[in-house]
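Undergrad: Once you've had a glance at the structure underneath, I'll fire off some questions.
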Amino acid sequence: MTEIELIRRIARRAKGRAASEGLIRGIGDDCAIVRPRAGEDVLLTTDFVIEGTHFLKSAEAASVGQRALGRGLSDIAAMGGTPRWCLVSLAMPKSTPAKWVDGFYTGLLDMARAHRVALAGGDVARSAKITCDIVVAGTAPKGKALRRDTARAGDRIYVSGELGRPWDLPPEPRLKLGRYLVGRTTAAMDLSDGLSLDLHRLCLESGLAASIFFPLPVWPGVTLDRALHGGEDYELLFTAKASTPLPTQYGGVPLTWIGTMARGRPGAVTFMGRNLAPRGWDHFA
Ligand SMILES: [Mg+2]
């Protein structure tokens with residue numbers, strides 16, 4: 001298949017599937033044109049998905065596509081936003097079966113359609129290993145997006161769902177919950193690299209320390225080590241004032257108070273009174 005054929009094929013499938021509200025011009029031009037509504041900020045996030053680093057060669061193509069987009073959607077959820085458009089660049093060896101490419105786009109476009117995200121463009125190229133870069137753009141009410149750097153000392157720390165999600169389950173980005181949290185939380189992020197590392201990052205951004213002193217909500221049969229340091233939970237980690245009433249679940253997703261933000265060495269986290277090292281997933285560790 002030539003590059004033009006491949007792009008045509010992807011464009012045809014993208015058109016038939018995704019909602020295109022706000023997409024003025026999609027695949028086929030030098031740039032995509034998108035138009036946010038008045039009173040919206042645009043959120044941008046990008047993620048790599050690389051064979052051998054993020055998935056094994058034996059992984060099912062559709063699940064790779066689903067996971068690739070799911071990570072970006074989870075980032076938009078963490079900001080309290082609504083995902084709208086995505087750009088997908090895929091580089092692969094010449095030997096990659098057409099069936100794999102089809103499977104990848106099937107997984108990706110199914111997830112895009114479920115969340116009303118339009119595939120607005122991308123690129124294709126040859127490379128030694130399958131390498132995908134996905135940009136997801138979303139919108140949030142102007143000035144209202146949830147951030148990591150706005151937690152205050154004394155805020156309660158919460159997590160959504162259960163930690164230690166099995167890796168073979170597709171991500172379920174907490175988009176409804178993220179939007180619900182706008183105006184109710186002081187800071188938020190998604191759990192992609194493990195609670196210990198992600199809470200450490202939230203603390204660093206907010207210039208605070210944190211203590212976890214309540215039991216963590218975990219998947220049945222999951223070890224505490226996995227719940228603290230395993231990645232790919234795609235749950236939300238957020239802080240709220242003690243005076244803000246929050247339900248114990250939202251839309252069937254449990255919301256659990258696990259600890260408190262405190263003044264102290266920025267980034268320092270304790271778990272049940274002991275120092276908790278940020279041991280989550282770090283590509284450069
Ligand atoms: Mg994130």
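Undergrad: Return, for the Cα atoms of region 59-169, the radius of gyration and Dmax in Å, separated by a comma.
TA: Taking only Cα atoms of region 59-169, I get Rg and Dmax of 16.7, 56 Å.
Undergrad: Another question, then. Gain in length, residue 37 to residue 13, computed as 0.36 nm per residue apart minus the alpha-carbon separation, to one decimal in nm?
TA: 6.0 nm
Undergrad: Evaluate the charge dipole of the chain about its Cα centre and quote only its size in Debye, nearest 20, assuming +1 on the Cβ of each Lys and Arg and -1 on the Cβ of each Asp and Glu.
TA: 580
Undergrad: Once Rh is set to the Kirkwood radius over Cα pairs, what Stokes-Einstein translational diffusion coefficient, in µm²/s, holds for region 1-123 at a temperature of 25 °C and a viscosity of 0.890 mPa s? List each step's numbers first, then the result.
TA: Details: Rh = 15.1 Å.
Stokes-Einstein gives a translational diffusion coefficient of 163 µm²/s.
Undergrad: Something else: Where does region 138-200 land on Rg(C-alpha)/(2.2 N^0.38 Å)?
TA: Rounded to two decimals, the normalised Rg is 1.21.
Undergrad: Which distance in Å, rounded to a whole number, links the C-alpha centroids of region 118-154 and region 230-285?
TA: Taking the Cα centre of region 230-285 as reference, the centre of region 118-154 is 22 Å away.
Undergrad: Please give the peptides 68-78, 3-13 ranked by average Cβ packing (other Cβ atoms within 10 Å per residue), highest first, as a rough proxy for protection. Could you put the intermediate results ahead of the total?
TA: Values: 68-78: 27.0, 3-13: 13.9.
The densest-packed peptide leads the list: 68-78, 3-13.
Undergrad: Charges on Cβ only, +1 for Lys and Arg, -1 for Asp and Glu, centred on the Cα centroid of the chain; of 270, 43, 195, which one is farthest towards the dipole's positive end?
TA: Of 270, 43, 195, it is 43.
Undergrad: For a label point 7 angstrom out from the Cα of residue 50 toward its Cβ, which stretches of region 127-168 have the backbone nitrogen within less than 20 Å?
TA: It comes to 127-136, nothing else.
Undergrad: Taking a quarter of the surface of the Cα convex hull of region 175-222, what do you get in nm²?
TA: Here the figure is 4.6 nm², rounded to one decimal.
Undergrad: Compute the separation of the alpha-carbon centres of region 26-46 and region 155-225 and state it in Å as a whole number.
TA: 29
Undergrad: Can you tell me, using C-alpha contacts under 8 Å and at least 6 residues apart, the relative contact order of region 20-157 as a whole percent?
TA: Working: 247 pairs, mean separation 52.2, N = 138.
The normalised contact order for region 20-157 reaches 38 percent.
Undergrad: Considering every pair of different Cα atoms, what Kirkwood radius, in Å, is found for the chain?
TA: 19.7
Undergrad: Considering the options 121, 217, 7, tell which one lies farthest towards the positive end of the dipole of the chain, charges being +1 on Lys and Arg and -1 on Asp and Glu at the Cβ, about the Cα centre.
TA: 121
Undergrad: Lysine pairs, Cα distance under 27 Å, 8 or more residues apart or cross-chain: how many in the chain?
TA: 13
Every number here is computed from the coordinates shown, using simple stated rules; none is lab data. These numbers were taken from a predicted model, which means no experiment stands behind them. Note: ideal-geometry Cβ built from the backbone for every residue, glycine included; neighbour counts use all protein chains shown.
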